[in-house]
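Data first, discussion second: the structure below is written as structure tokens.
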Amino acid sequence: MTYTTASKKRSLVSQLALSFAGVASAVLLPQVFHAIGVISGTGAALGSALLPMQIPVLLAGILGGPVVGLIVGLLSPVLSFAISGMPTAALLPFMAIELGVYGLTAGLLARTKINRFVQLLITQTAGRAARVAAVLGAIALFDHTQFSVSTSGAFITAGAFGILLQWALIPLLCPHLEKLVHKQYD
């Protein structure tokens, strides 16, 4: 086996491993938050406030690139719904679109020279814009008057603490995780 063939196989294995770890984390982490919510009596509010599924998706895009980020972003809410019924069926397509765009954008920006915090802001803006566009598209397409523009804006204020948590954690975690990933697969 030539060096390039071995390198390509190692790269594919690392992408598969990162995809699996990202999806598993993005499915399990929200369950932890929801369990804490059940114990504390706050229900799903903790998960809605802290957006725990987004952190593994963002990290998957940053560490694995745009394809891994997109896969993790799209599959995580679908698998979570299949296992736990969350997010709800009504929110599932919008979350899948938002998280898919998060993973894709994080992966596309990860190898640029743009500051990590600015990358995160661009990624969050792109994901949120995609979700709002999807909600508005659903309103226009299906004429669901129970949806409203305020509904699409509510998730921004509901997740404000989650966005702040991402701003704090992602730039701190990335250098350590990047070293770990490169050490493991290089």
Prolate/oblate/rounded label for the stretch 25-67 (Cα gyration tensor, a/c 1.5): prolate
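In terms of the Cα gyration tensor, with a ≥ b ≥ c the square roots of its eigenvalues, is the stretch 79-146 rounded because a/c is under 1.5, prolate because a/b exceeds b/c, or oblate? Walk me through the numbers before you get to the answer.
On the way: a/c = 3.55, a/b = 1.67, b/c = 2.12.
It is oblate, given that a/c is not under 1.5 and a/b is not larger than b/c.
How do the peptides 68-78, 26-36, 83-93 rank, highest first, by the average count of neighbouring beta carbon atoms within 10 Å per residue?
Values: 68-78: 26.3, 26-36: 18.6, 83-93: 13.6.
Output ranking for 68-78, 26-36, 83-93: 68-78, 26-36, 83-93.
Ranked highest first by average number of other Cβ atoms within 10 Å, how do 114-127, 54-67 line up? Intermediate results must be reported in sequence, preceding the final value.
Numbers: 114-127: 17.4, 54-67: 25.6.
Ranked by mean Cβ neighbours within 10 Å, highest first: 54-67, 114-127.
Just to make sure I understand: if all protein chains stay in place, what is the order of Ile163, Ile170 by accessible area at 1.4 Å, largest first? Write down the numbers at each step before the final one.
On the way: Ile163 30, Ile170 0 Å².
Listed by decreasing accessible area, they come as Ile163, Ile170.
The values are calculated or read from the model by the stated rules, or taken from the named source; none is laboratory data. Fair warning: this is a prediction, and the values are worked out from it, not measured in the lab. Neighbour counts run over all protein chains shown; Cβ positions are idealised from the backbone, glycine included. Please note that ligands, DNA and RNA were not included when accessible areas were found on the heavy atoms of the full protein model with its side chains. Shrake-Rupley method; radii C 1.70, N 1.55, O 1.52, S 1.80 Å.
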